[in-house]
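The values are calculated or read from the model by the stated rules, or taken from the named source; none is laboratory data. Quantities reported herein were computed from a predicted structural model and do not represent experimental measurements. We place every Cβ from the backbone using ideal geometry, glycine too, and count neighbours over all the protein chains shown.
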Amino acid sequence: MKKNIFLAALAATSLLAGFSSCSSDDDNSSSNQVTDENVVADDASALSLVNGVYSHWQPLSSSFSFIIELNSNKLTSFEGEENEAGPVNSRFEQEPTTWYQVKIFNHLFLGITQANEAITTISNSLKAGKVSQAGYNAAVGKAKFLRGLAYLKLVQLWGEVPVYTEEGGSTTERQSIDKVFEQIVSDFTAAESLLKDYDGDPRIPSKQAAQGLLARTYLVWGDKPLSQAEVAAIANTQTDPAFSKDDAKLQKAVEYADKVINSKKLALDPEYNKLWGREYESNKRKTNEHLFTIAHDGDKNDAQGNHQTHCSWTFPFQNGENGEGYSQNHTEVSDDDLYDDWKAEQPNDKRLAETYFVEIKNPETGKTHHYYSPIYTPINGKGVDQSYENAENLEITQNSVDRIEIRYAEVLLIKAEALVQLGKNSEAAEPFNQLRTRAGIATVSAPTFDQIKREWDYEFTYEQFSVLNSYRWKDLISSVKKVSTYKHFPNDWKTSTGNTYTADQEAYFTKIHNHLVAKYNNVRGKHYRQPIPTGLKGEDLGISQNPGY
């Protein structure tokens, strides 16, 4: 999780230089320049060149959670000392030097740089007759797919960002929100036309994966992301802006969701609990719900293993029970309320037991450990590989479960939400109810916007949507301030004085209290954007800062 885990493995010094200077008037005579003469000689090498872009996605699999989930009411971080990047994000105290912001921003742009170089090189090789049209389509389609996804993450988290492609552009001049989204749509549309149909392997970008991400793109764009001027107007306040939407773009979200649905190539897995784990990845169950995933084979082999398991489940049996000692996980559920409220609302929802663990049996000792008041708070269950024997012990260190970027359930919910926003609530019932039927809860004839929002929580808790949805719905501040209703928010928990807890438990609950109060006090309008960070080496990237930082 720290810098030294993977910086030594970054063999991309030339790419870092490219990120700093890859503008339309670059000098292309560098000895480090990738060319068709020294790299791309056939279809296989063209695809291999593009696959190098994944080295910038693999270190980010869990890192996204340290912004997207911690900048919400749902998750708290005790990763290291209180001045480290996890706790800093948990308390809404992020700065341009905060590691997760630095890491994600830079790796996404490094991936864009590498995709740009690959597109140019492969295009030249096509002209030279070294690459077939089919080889070009597969490689360039994948490069544009990954570039579009990188720009989508960037615009959602940072707003206006520089846009540069193989055709040129500045790496420092920020473009308007619409210009960034136009580039995203251009990339995904190109990928849609170049890539083959989904063939059951979610690790390979497909036509339907591009369509699903176009549906996501138009939903995000259709909810009118704030401009820099709009963020500046509320940067130092605790006031959410008014919700607004663009019906034409929401209709496009419906159209692209329908393309995926009508292809008949995707489906919901009938068993929700079978969506996570090494034995279920790469569509081993042949249910076709995973639409696109980032492959991981563990810390020792890829750029960095998927630490979703590691971070949410770091010390699964060290909660002070059964003589196993005590230690705090890297991420923790913020309070019992998030579990209890769901259970009260939907006691039969099959997703609850997979989303939150309140007890777990140690397969080595046979002893049960509880994660529920007054011992602990519930634990994020989606990060745990439950698909094989003794998984709770092994996957903590192996970190080899693939990260799911988009699954078919999201396509259905995108369609339902876009229809509700368009006032077509009864039409939204069909895709919406597919999720509820699988979950074992009552269907509805016409879902409301509030029900749609709650369904995102039910279906996608801890799947890296929380703060992004708050940005869309313009409820970041009001949703975060709900922590004032949580059990550990009152001042009684400053020291836990008078309670019958161990010293370790008291320190744990005091930390939760401090983080909840910090969330409540610190969240501001500026947090509708993340700070423009430094480069990986601490250098100024030359990009103007977001308001309030």
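Key figures for this structure:
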quantity: Only one of ILE379, ILE414 that is out of contact with any Pro (no Cβ under 6 Å at 6 or more places or on another chain), aliphatic (A, V, I, L, M), buried (at least 22 other Cβ atoms within 10 Å of the Cβ) and closer than 22 Å to ASP336 by Cβ; calculated: ILE379
quantity: Region 425-480, subset of a type in the set (Val, Ile, Thr) and either in contact with a helix residue (DSSP H, G or I) (Cβ under 6 Å, 6 or more places away or on another chain) or within 16 Å of LEU412 (Cβ to Cβ) (or both), residue surrounded by the most Cβ atoms within 10 Å (Cβ to Cβ); calculated: VAL467
quantity: Test set (1) touching a Gly at 6+ places or on another chain (Cβ under 8 Å); (2) under 16 Å from GLU230 (Cα atoms) - GLY159 fails condition number; calculated: (1)
quantity: Some residue of region 45-56 being touching a helix residue (DSSP H, G or I) at 6+ places or on another chain (Cβ under 6 Å), closer than 15 Å to VAL102 by Cβ, modelled with pLDDT of 95 or more and outside any helix (DSSP H, G or I); calculated: no
quantity: Qualifying residue in region 474-487 (condition: touching a Gly at 6+ places or on another chain (Cβ under 9 Å) and within 30 Å of LYS245 (Cβ to Cβ)); calculated: yes
quantity: Contacts under 6 angstrom Cβ, first residue in region 89-102 being at pLDDT 95 or above, partner of a type in the set (Asp, Glu), 6 or more apart; calculated: none
quantity: Where a residue in region 415-432 is free of Cβ contacts under 8 Å to residues at least 12 places away in the same chain and its partner, wherever it lies, is part of a helix (DSSP H, G or I) and not basic (Lys, Arg), with Cβ under 6 Å and at least six apart; calculated: GLU427/LEU419
quantity: Residues (of a type outside the set (Phe, Trp, Tyr) and part of a helix (DSSP H, G or I)) located in region 154-168; calculated: LEU154, VAL155, GLN156, LEU157
quantity: Residue within region 141-156 that is farther than 30 Å from CYS311 by Cα, crowded, with 21+ Cβ neighbours inside 10 Å and either free of Cβ contacts under 8 Å to residues at least 24 places away in the same chain or of a type in the set (S, T, N, Q) (or both) present; calculated: no
quantity: Within region 305-327, considering residues that are touching a residue at least 60 places away in the same chain (Cβ under 8 Å) and surrounded by 23 or more Cβ atoms within 10 Å (Cβ to Cβ), the one farthest from the chain's Cα centre (by Cα); calculated: TRP313
quantity: Subset tally (residues that are aliphatic (A, V, I, L, M), crowded, with 23+ Cβ neighbours inside 10 Å and either touching a residue at least 60 places away in the same chain (Cβ under 8 Å) or closer than 24 Å to ASN546 by Cα (or both)) for region 176-208; calculated: 2
quantity: Within region 279-369, strands (runs of 3 or more DSSP E) holding 1 or more residues that are of a type in the set (Lys, Arg); calculated: 359-361
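Here is a yes/no grid of residues against (1) within 28 Å of ASP349 (Cβ to Cβ); (2) surrounded by 22 or more Cβ atoms within 10 Å (Cβ to Cβ); (3) touching a residue at least 24 places away in the same chain (Cβ under 8 Å):
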{"residue": "TRP221", "(1), (2), (3)": "no, yes, yes"}
{"residue": "ALA233", "(1), (2), (3)": "no, no, yes"}
{"residue": "GLN238", "(1), (2), (3)": "no, no, yes"}
{"residue": "GLU281", "(1), (2), (3)": "yes, yes, yes"}
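Condition check ((1) in contact with a Ser or Thr (Cβ under 9 Å, 6 or more places away or on another chain); (2) touching a residue at least 60 places away in the same chain (Cβ under 8 Å); (3) of a type in the set (Val, Ile, Thr)) across all residues:
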| residue | (1), (2), (3) |
| --- | --- |
| GLN464 | yes, yes, no |
| ARG472 | no, yes, no |
| ILE477 | yes, yes, yes |
| LYS481 | no, yes, no |
| TYR486 | yes, yes, no |
| GLU506 | yes, no, no |
| HIS513 | yes, no, no |
| GLY525 | yes, yes, no |
